[in-house]
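Colleague: What follows is a structure written as structure tokens; I'll ask about it next.
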Amino acid sequence: MNRLRSLLFALVLLAVPAAAHAAGAWSTYLRTNSCSGILALADTVWMASPDAGLLYHVRSTGEFGAFHRTPGGLASNALSALAFDRSGRLWVATSDKGVSRLNASRETWDLVNAFDGVPSDTVSVLRADGDTIWIGTQRGIALWDGSQVAGSVPDLGTPSPFRSDVITGIVVLRDSLFVSTGDGIYLARLSQQLATWVSVDGGLLSTDVKSLATDGRELFALAGGATHRWSMTSHTWGLAGGQGSVRRLSDRFGRIHSNSSNGIYEWRTNQWVLLAGSPPSIGSTDGGYSFATDPAGVMFAFGAGVMLRQESPAWIALTPPGPAGNSVQNLLVDGSRLWVNTFSEGVSRFDGTQWRNWTPTACATDRDTTFANPEFAFTLLRDRSGRKWTAHWEQGVERIDDSVNPPLFEHVLSTCGLPQADTLCRHSDGWASAVDSSGFVYIGGDTPDRGTLEPMGIDVYAQDGTHRIVWKSTNANLADNQVRALSVSKDDVMWAGFANRGVSWALLAGTGPGRDTLPTFTPVVGLENTDIFGVVARGDSIWVLTASNLRRIRRTTRALASQLEIPAGPAPRGAVRPLDVAPDGTVWVGTSDGVRMFKPGGGFEDFKTSNSPLANNEVRAVCVDPATGAVWIGTASGLNRYDPKYVAPAPPQLQSLQVLLYPNPLSLTRMGTELRLRGNTTAYSGEILDLGGRVIAKFAAGANDRVIWNGRDHEGRLVQPGVYFVHARGGGRETIAKTVVLR
């Protein structure tokens, strides 16, 4: 038996994926702009975002919180629907990973997906009925019976009864199951085990049905921009209009609501009633608000980044915290503060607790306490006096003193209203930046159209913000006027990286006290015609990021010292700051396939969406906090912070894990079986193995007495009678128990 136990443990270790990076070392910051589903309970309002995870609002404190994708936690940030079952579990549908479930204690997650028999991991609809959950996907529906997926339509290998398997709505009404799809509505009887499906499209304006809703007595459908009411006698649909062009239809706690350009309506006694002060569908980023009532009938809505709570006489607006946007372009750590530049959503400042956001506005030059317009923010720099510099394409260049409140803004350059081709406007197209020991600021130019709009080269600014000179290919021997990277080494040598023209260096001492004497840039041998994305000078090393690798140049000899491989090239257009070096010599590289951390003593570690909470594999900026060594990571879909020094607290340890399997032995029928587990902790995970040590099924249980196995293998086939082993983990311990399956 001891030999068998050793064999089983060895096989289990081979079967379990590599451990994910500690979630506690990571923090995720996303802006929730739109909502795909909302669930208002007496204590908490839950909001599913299509791209920013699960947002929640604690009603008693007024605080917001969020769950974001993390290995072992919420499976995805792309969410589509919510449901709440009788056991207190929150079901969260995702657009790419199946259904995540949060247990009643709000502490652990598990997953129901294609492995469990769900037709597709692209889930669009959830409908709870006690502990039974109907799951609508892009390939049909499935039924979770409280412990397992009991079946699906269409079933594997059988023809579909639907013209389209894209499920958009599910309603259980008495003995009838109604299912709406991308091409019609269908009806089947529960008492007949869904043996026969009937198309019920009569009266619909369109068979492209968007959703179904019920109050437990009546049934409504949204199709063709209008709501339709089902007739229980004629079995046809009739228009139930009067709301204008309807964008959404939903139900919660026995109430039906719709949203149109006029606002939110509630169905009351054979008519739609407009809720006073409710938001119209227009003006929302996704074309309509998500909305739901709580058990007491109080309405909540979410759209355009704001949650609204129904009050009398007005609705109360609450804005969840977060950066201005998720399309991050550049980052800057300034003491305890973080500055974040986004592409078009604006600029943010985070002090570790609160966000201050500047969002796009009409371009203006008379504002000294805010941006002329914070759109298209690329350059981001802290000068020697502590002021921040930002360049906004086609808007201008700003210098910000945020040591006072409100911050003071100096419009170093304003290009509001100028045509894109104007020479002055070209100076706003900043990309790279650097500051020297004397406080001079350098901004490297880029261009939105290399074919017709030539970049400006390097703009030189004095300590007081005045523009001194432009260094170009024609006057300073720049290898190119498109400057992708700038850095100044400790000997006051400037290092410049160019698009497809390598790296050049120049002595700043020869440019005079005003930096208006032209330097002569000299190319680094061996990098000519190389596409450069990042240059960072640290100590005696000049780190250079190319399109295919990372290179280290010796500062004194200016010769190539070493070359390191990266997992993929940098983000092809948005990589403003893809390279940084920590005080301990750790080098961080952002690529189009995640982040690679090169360790000072050799070796590397990769962080991707597959093994970490990284918001997106397209990494555009990495910025190390010099005081803590933590790295901020800006991606195409959000912001992360990772602390490599984080040490997870020791979990409470059991002396031993003790489990009871029952019933044991198991009786196997054509429907399978139900093996349950009870032990001396509260959450379990593990595998079912056969006598040969093969993993035939996996399980996760958020409480005792849950069904952990249905007698089927991972392909859904009934197993043969015999002896099976359960490898269970929980409470920091693991054990193996035996069960016998009888016919």
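The values are calculated or read from the model by the stated rules, or taken from the named source; none is laboratory data. Keep in mind it's a predicted model, so treat the numbers as computed, not measured. Glycine also receives a Cβ, built like all others from the backbone with ideal geometry; neighbour counts cover every protein chain displayed.
Colleague: State whether the residues of the stretch 216-236 include one that is at negative phi, in contact with a His (Cβ under 8 Å, 6 or more places away or on another chain) and either assigned to a loop (DSSP other than H, G, I, E, B) or of a type in the set (A, V, I, L, M) (or both). Full working, then the answer.
Modeller: In the first step, residues of the stretch 216-236 are kept if they are at negative phi; the result is 217-223, 226-234, 236.
From what is left, the residues that are in contact with a His (Cβ under 8 Å, 6 or more places away or on another chain) are 220-222.
Next, only the ones that are either assigned to a loop (DSSP other than H, G, I, E, B) or of a type in the set (A, V, I, L, M) (or both) stay: 221-222.
Checked the stretch 216-236: at least one residue is at negative phi, in contact with a His (Cβ under 8 Å, 6 or more places away or on another chain) and either assigned to a loop (DSSP other than H, G, I, E, B) or of a type in the set (A, V, I, L, M) (or both).
Colleague: Follow-up. I need every pair where a residue in the stretch 37-54 that is under 16 Å from H68 (Cβ atoms) and outside the structural domain of G638 (by TED's automatic domain parsing) has its Cβ under 6 Å from the Cβ of a residue that is charged (D, E, K, R) and buried (at least 20 other Cβ atoms within 10 Å of the Cβ), sequence separation at least 6 or different chains.
Modeller: So the pair list comes out empty.
Colleague: Something else: Limited to the stretch 594-605, what total is found for residues that are without any contact (Cβ under 8 Å) to a residue 40 or more places away in the chain and surrounded by fewer than 18 Cβ atoms within 10 Å (Cβ to Cβ)?
Modeller: Total satisfying the criteria: 6.
Colleague: Here's another thing I want to ask about it. What number of residues within the stretch 482-518 satisfy the criterion of being under 36 Å from the mean Cα position of the chain (by Cα) and either of a type outside the set (A, V, I, L, M) or assigned to a loop (DSSP other than H, G, I, E, B) (or both)? Even if it seems obvious, please write down each step before you answer.
Modeller: Filtering the stretch 482-518 down to residues under 36 Å from the mean Cα position of the chain (by Cα) leaves 482-488, 495-503.
Adding the requirement that they be either of a type outside the set (A, V, I, L, M) or assigned to a loop (DSSP other than H, G, I, E, B) (or both) leaves 482, 484, 487, 495, 497-502.
So the count comes out to 10.
Colleague: What do you reckon, is A83 surrounded by fewer than 20 Cβ atoms within 10 Å (Cβ to Cβ) and either touching a Cys at 6+ places or on another chain (Cβ under 8 Å) or part of a strand (DSSP E or B) (or both)?
Modeller: Numbers: surrounded by fewer than 20 Cβ atoms within 10 Å (Cβ to Cβ): no; either touching a Cys at 6+ places or on another chain (Cβ under 8 Å) or part of a strand (DSSP E or B) (or both): yes.
Judged against the criteria, A83 is not a match.
Colleague: Could you check, for the stretch 185-192, whether at least one of its residues is in a loop (DSSP other than H, G, I, E, B) and surrounded by fewer than 22 Cβ atoms within 10 Å (Cβ to Cβ)? Give the steps one after another, and end with the answer.
Modeller: First pass over the stretch 185-192, keeping only residues in a loop (DSSP other than H, G, I, E, B): none.
Within the stretch 185-192 (the criterion being in a loop (DSSP other than H, G, I, E, B) and surrounded by fewer than 22 Cβ atoms within 10 Å (Cβ to Cβ)), the answer is no, since none of the residues qualifies.
Colleague: Name the residues in the stretch 726-735 that are more than 33 Å from the chain's Cα centre (by Cα) and either surrounded by fewer than 19 Cβ atoms within 10 Å (Cβ to Cβ) or not assigned by TED's automatic domain parsing to the domain that holds N704 (or both), would you?
Modeller: Passing the criteria: only T735.
Colleague: Given the residues G534, G526, G497, G512, which is the only one that is within 25 Å of P644 (Cβ to Cβ) and of a type in the set (G, A, S)? Before you say what the answer is, go through the steps one by one.
Modeller: On the way: G526 fails: within 25 Å of P644 (Cβ to Cβ); G497 fails: within 25 Å of P644 (Cβ to Cβ); G512 fails: within 25 Å of P644 (Cβ to Cβ).
Selected residue: G534, the only one of G534, G526, G497, G512 that is within 25 Å of P644 (Cβ to Cβ) and of a type in the set (G, A, S).
The rows are residues; the columns are (1) of a type outside the set (G, A, S); (2) not assigned by TED's automatic domain parsing to the domain that holds T466.
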site	(1), (2)
N330	yes, yes
D334	yes, yes
N357	yes, no
F378	yes, no
K388	yes, no
G396	no, no
V404	yes, no
S414	no, no
L418	yes, no
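Colleague: Now for a separate question. With respect to E565, determine if the residue is modelled with pLDDT of 95 or more, surrounded by fewer than 18 Cβ atoms within 10 Å (Cβ to Cβ) and farther than 21 Å from T635 by Cβ. Give the derivation first.
Modeller: Numbers: modelled with pLDDT of 95 or more: yes; surrounded by fewer than 18 Cβ atoms within 10 Å (Cβ to Cβ): yes; farther than 21 Å from T635 by Cβ: yes.
Yes.
Colleague: Please list, ordered by residue number, the strands (runs of 3 or more DSSP E) wholly in the stretch 545-630 having 3 or more residues that are in contact with a Phe, Trp or Tyr (Cβ under 9 Å, 6 or more places away or on another chain) and farther than 22 Å from G430 by Cα. Walk me through how you get there before you give the answer.
Modeller: Working: elements: 549-554, 560-565, 579-581, 587-591, 594-598, 604-607, 619-624.
Correct list: 549-554, 594-598, 604-607.
Colleague: Just checking, does the stretch 519-542 include any residue being closer than 30 Å to K388 by Cβ, assigned to a loop (DSSP other than H, G, I, E, B) and in contact with an Asp or Glu (Cβ under 6 Å, 6 or more places away or on another chain)?
Modeller: no
Colleague: Please go through the stretch 596-637 and give me each residue that is among the polar types (S, T, N, Q) and farther than 24 Å from L380 by Cβ, ordered by number. It would help to see each step written out before you state the result.
Modeller: Here is the first cut: in the stretch 596-637, the residues among the polar types (S, T, N, Q) are 609-612, 616-617, 628, 635, 637.
Within the stretch 596-637, T609, S610, N611, S612 qualify.
Colleague: Give the number of residues within the stretch 469-491 that are buried (at least 16 other Cβ atoms within 10 Å of the Cβ) and among the charged types (D, E, K, R).
Modeller: 3
Colleague: I'd like to know if the stretch 307-315 contains one or more residues that are in a loop (DSSP other than H, G, I, E, B), at pLDDT below 95, more than 23 Å from the chain's Cα centre (by Cα) and under 28 Å from S414 (Cα atoms).
Modeller: No: the stretch 307-315 contains no residue that is in a loop (DSSP other than H, G, I, E, B), at pLDDT below 95, more than 23 Å from the chain's Cα centre (by Cα) and under 28 Å from S414 (Cα atoms).
Colleague: Need the failing condition index for L219 against (1) within 33 Å of the chain's Cα centre (by Cα); (2) buried (at least 17 other Cβ atoms within 10 Å of the Cβ), just the number.
Modeller: Exception for L219: condition (1).
Colleague: So which pairs qualify, if the first residue must be in the stretch 263-285 and at pLDDT below 95, the second must be among the basic types (K, R), the Cβ gap must be under 6 Å, and the two must be at least 6 apart or on different chains?
Modeller: So the pair list comes out as S281/R247.
Colleague: If D531 satisfies every condition in (1) at negative phi; (2) surrounded by 20 or more Cβ atoms within 10 Å (Cβ to Cβ) but one, which is the exception?
Modeller: (2)
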